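The structure under discussion appears below in the form of structure tokens.
The values are calculated or read from the model by the stated rules, or taken from the named source; none is laboratory data. Since this is a predicted model, take the numbers as computed values, not measurements. Because the Cβ atoms are built from the backbone with ideal geometry, glycine has one as well, and the counts that use them run over all protein chains shown.
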Amino acid sequence: MKVRWTVQVKLEVTESDADLLHETIQQFRWAANYVVLNARNDDGYVETSKGKLNSRTYDDVRSETELHSNLVQAARSRAADALKSVVAKWKRGKNASLPYFSSPFLEYDKRSATFHDDHASLSTVGGRITADYVLPDDERETPHSEYLFSDDYETTGATLHYRDATDEFYLHVRTKADVNAPEPRENGTVLGVDLGVENIAVTSTGEFWSAAELDHWHREYEKRRASLQQCGSRDAHENMQAVGLKETGRFEQLLHRVSNELVEEADKNGCSHIAFEDLTDIRDRMSGANRLHAWAFRRLLSYVEYKAEERVISVQQVNPANTSRRCSSCGFTHEDNRSSQDTFECLKCSYANHADYNAAKNIGYRLLGKQTADEGGAPVGVRLNTGMMNANGVKTVPTLVRAGVHGECHGL
């Protein structure tokens, strides 16, 4: 099986080479935006085929820029991918504008960049430059030693990012490796995961990950930004950008930790599937969710997806309708079943539990029902903290059961 990792590396470049990178980034963005501007057909439809977009724009971009042909094709591919995302939203009835590239970035593949142990050779509008890596003092058990410098992993490309607040260039290097796939899990089970505002994630095994740390640091960074905004100076504006980068880095570190523990929870309980609710329009349907929560949920899902792949655990999204209102014990669905943000109490059978835990079980059941219908009986159950329920409603006690950190969750 193929495993992919992206490793972030800070670069050290000379002032003249930095100028070349800035100019290359500017022309690359122009090329990508030019492709977008020429994507609409005479009939009003937007073209997303890379081949057709290349035919329309390649010669013009080559004549108007100093970009190497590989960078021209990379700009076209980036524009095509963004156009496909917009068209997909239109097909779902959502409003979306055509993409516009404004952030300072640049795409490299193995033809436009060469990656070495301590530096990279990067194509620019003024020829190749050498960018040295700024590496940790202790490289043991870091992503650099584990993936970037490992003979087992092949470097496939990278995205160059420039951070204006700190005046620094970073390469996000993409690597991949062929590894021996673990043996398929004979008795497939589902780990249901509910995402929320008070708890980032809650599983059907009763594990809770609080959002308190996420919310705390968001408030702290908001205070810092508000204080800097009052100054109104150029330095204050640059400091605001630096604060934003630190905030994102802290949140990504937190989400990596949660994703690792989620995948570990599924693995320890012998689960072959992890079920999440569909994240489409999650801000609109989740009370109290803001832009940060929506971003965090999507980032968490993406982390879980590629980490679970290494352990042959499938990650799928299910329809979220009524998962917070349905009783996971008897199936009765009513909006008054959820009496508060935290409490679920079924009006029919009186089953009571934490609302997020109840929802996590329902999310697992929804994937269980879908898989049973589509795949002829697999997987066989949803992993719970007090047992396992199969598609026929029969409960068994698994050998691997972990009590929730929130407290024992009774029911089922």
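For the stretch 265-304, taking the residues that are out of contact with any helix residue (DSSP H, G or I) (no Cβ under 9 Å at 6 or more places or on another chain) and part of a helix (DSSP H, G or I), the one that is farthest from Val382 (Cα to Cα) is identified as Asp284. Taking the stretch 328-370, which residues are among the polar types (S, T, N, Q) and free of Cβ contacts under 8 Å to residues at least 12 places away in the same chain? Result: Thr333, Ser339, Ser350. Among the residues making up the stretch 8-59, those that are of a type in the set (Asp, Glu), in contact (Cβ under 8 Å) with a residue 12 or more places away in the chain and within 29 Å of Phe169 (Cα to Cα) are Glu12, Asp17, Glu23. Could you look through the stretch 48-81, keep only residues that are touching a strand residue (DSSP E or B) at 6+ places or on another chain (Cβ under 9 Å) and buried (at least 18 other Cβ atoms within 10 Å of the Cβ), and pick out the one that is farthest from Gly127 (Cα to Cα)? Step by step, filter the stretch 48-81, then rank; the result is Arg78. Here are some conditions: (1) touching a residue at least 40 places away in the same chain (Cβ under 8 Å); (2) out of contact with any Asp or Glu (no Cβ under 8 Å at 6 or more places or on another chain); (3) not in a loop (DSSP other than H, G, I, E, B). Leu67 meets all but one. Which one does it not meet? For Leu67, the failing item is (3).
Note on the stretch 306-361: residues that are more than 30 Å from Val7 (Cβ to Cβ) and in a helix (DSSP H, G or I) amount to 10. Would you confirm whether any residue within the stretch 82-105 is at pLDDT below 95 and in a strand (DSSP E or B)? Among the residues of the stretch 82-105, at least one is at pLDDT below 95 and in a strand (DSSP E or B), which makes the answer yes.
Is the stretch 174-188 home to any residue that is surrounded by 15 or more Cβ atoms within 10 Å (Cβ to Cβ), at pLDDT 90 or above and part of a strand (DSSP E or B)? No, every residue in the stretch 174-188 fails to be surrounded by 15 or more Cβ atoms within 10 Å (Cβ to Cβ), at pLDDT 90 or above and part of a strand (DSSP E or B).
Is there a residue being surrounded by 15 or more Cβ atoms within 10 Å (Cβ to Cβ) and farther than 20 Å from Glu207 by Cα anywhere in the stretch 348-365? Taking every residue of the stretch 348-365 in turn, none turns out to be surrounded by 15 or more Cβ atoms within 10 Å (Cβ to Cβ) and farther than 20 Å from Glu207 by Cα.
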